[in-house]
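Asks: Following this message is one structure expressed as structure tokens.
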Amino acid sequence: MRTVRSLTATLGALALAIGLLGALCGCAEPGGLKVTGPAPSPSPGTGTVSVSEGAGKPPLRRPAAFTASGTVRLTELRWSTWGGATAEATGKVGGSWCAPACATTPYEARVTLGGLVRQDRSAYYSRATVDVAGLPAEQRAELRDLRLHVPQR
């Protein structure tokens, strides 16, 4: 009687193992599982891409205006791209860097943000270039590589 119970228990365990193995393997063709097509390439998601005006200030996405540095203010921004390695816009630039010349009439400008710094589920642009046609070389150089604030994690 003991042998019959052991044999029944063994057969039951074997049937369970075969059932689980079948469930794990799926219903493949007799020749095995076939996968076709290119393998997906992993691409790191950046999540939300923002720009920051400074410590304690909220992140901005596609802002119509923001202060790029203590002396440079960008306004009337119209973004043609945002969220990639660079963001591009047209708008106006003013601020104390060009005072008094642009105090009342800001210059037309092209703005490029770059230097994407990735954080957990977000990213921030860390650099800005502002291009203004017709400015003297010295003033153009002041707008070539503006460092933007990137919040600490």
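The values are calculated or read from the model by the stated rules, or taken from the named source; none is laboratory data. Since this is a predicted model, take the numbers as computed values, not measurements. Every residue, glycine as well, gets a Cβ built from its backbone with ideal geometry; the counts of neighbours run over all protein chains shown. Only protein heavy atoms, including side chains, enter the accessible area calculation; ligands, DNA and RNA are left aside. Shrake-Rupley method; radii C 1.70, N 1.55, O 1.52, S 1.80 Å.
Asks: Scanning the range 47-68 for residues that are assigned to a loop (DSSP other than H, G, I, E, B) and open to solvent by less than 30 Å² (accessible area, probe 1.4 Å), which turns out modelled with the highest pLDDT?
Replies: So, considering only residues that are assigned to a loop (DSSP other than H, G, I, E, B) and open to solvent by less than 30 Å² (accessible area, probe 1.4 Å), the one modelled with the highest pLDDT is Pro63.
Asks: While we're on this one: Looking only at the range 87-127, how many residues end up being crowded, with 16+ Cβ neighbours inside 10 Å and out of contact with any strand residue (DSSP E or B) (no Cβ under 8 Å at 6 or more places or on another chain)?
Replies: The total comes to 1.
Asks: Further question on the same structure: Consider the range 61-86. How many of its residues are among the aliphatic types (A, V, I, L, M) and more than 27 Å from Pro136 (Cβ to Cβ)?
Replies: The total comes to 2.
Asks: Also, quick follow-up: If a residue must be of a type in the set (D, E, K, R) and more than 21 Å from Lys57 (Cα to Cα), how many such residues does the range 92-150 contain?
Replies: So the first thing to find is which residues in the range 92-150 are of a type in the set (D, E, K, R), and the list is 92, 108, 110, 118, 120-121, 127, 131, 138, 140, 142, 144-145, 147.
Okay, now just the ones that are also more than 21 Å from Lys57 (Cα to Cα), so 92, 108, 110, 131, 138, 140, 142, 144-145.
Residues flagged as of a type in the set (D, E, K, R) and more than 21 Å from Lys57 (Cα to Cα) within the range 92-150 amount to 9.
Asks: Still on this structure, please answer the following. Return the residues of the range 107-134 that are more than 18 Å from Ala89 (Cα to Cα) and either in contact with a helix residue (DSSP H, G or I) (Cβ under 8 Å, 6 or more places away or on another chain) or among the acidic types (Asp, Glu) (or both); say none if nothing qualifies. Before you say what the answer is, go through the steps one by one.
Replies: If we filter the range 107-134 for residues that are more than 18 Å from Ala89 (Cα to Cα), which is where we start, we get 117-123, 134.
If the condition is that a residue be more than 18 Å from Ala89 (Cα to Cα) and either in contact with a helix residue (DSSP H, G or I) (Cβ under 8 Å, 6 or more places away or on another chain) or among the acidic types (Asp, Glu) (or both), then Asp120 is the only one that fits.
Asks: Report yes if some residue within the range 30-42 is assigned to a loop (DSSP other than H, G, I, E, B), more than 22 Å from the chain's Cα centre (by Cα), at pLDDT 60 or above and surrounded by 14 or more Cβ atoms within 10 Å (Cβ to Cβ); otherwise report no.
Replies: No, there is no match, as no residue in the range 30-42 is assigned to a loop (DSSP other than H, G, I, E, B), more than 22 Å from the chain's Cα centre (by Cα), at pLDDT 60 or above and surrounded by 14 or more Cβ atoms within 10 Å (Cβ to Cβ).
Asks: Considering only residues that are within 16 Å of the chain's Cα centre (by Cα) and basic (Lys, Arg), which ones fall in the range 119-153?
Replies: Arg121, Arg127, Arg153
Asks: Cβ contacts < 8 Å: first residue closer than 21 Å to Leu116 by Cβ and modelled with pLDDT of 95 or more, restricted to the range 80-95; second residue surrounded by 15 or more Cβ atoms within 10 Å (Cβ to Cβ) and of a type in the set (Asp, Glu), any location; separation 6+ or different chain. Result?
Replies: Qualifying pairs under 8 Å: Ser80/Glu88; Thr81/Glu88.
Asks: Continuing with the same structure: In the range 69-86, what residues are open to solvent by 40 Å² or more (accessible area, probe 1.4 Å) and of a type in the set (Phe, Trp, Tyr)?
Replies: Of everything in the range 69-86, just one residue is open to solvent by 40 Å² or more (accessible area, probe 1.4 Å) and of a type in the set (Phe, Trp, Tyr), namely Trp82.
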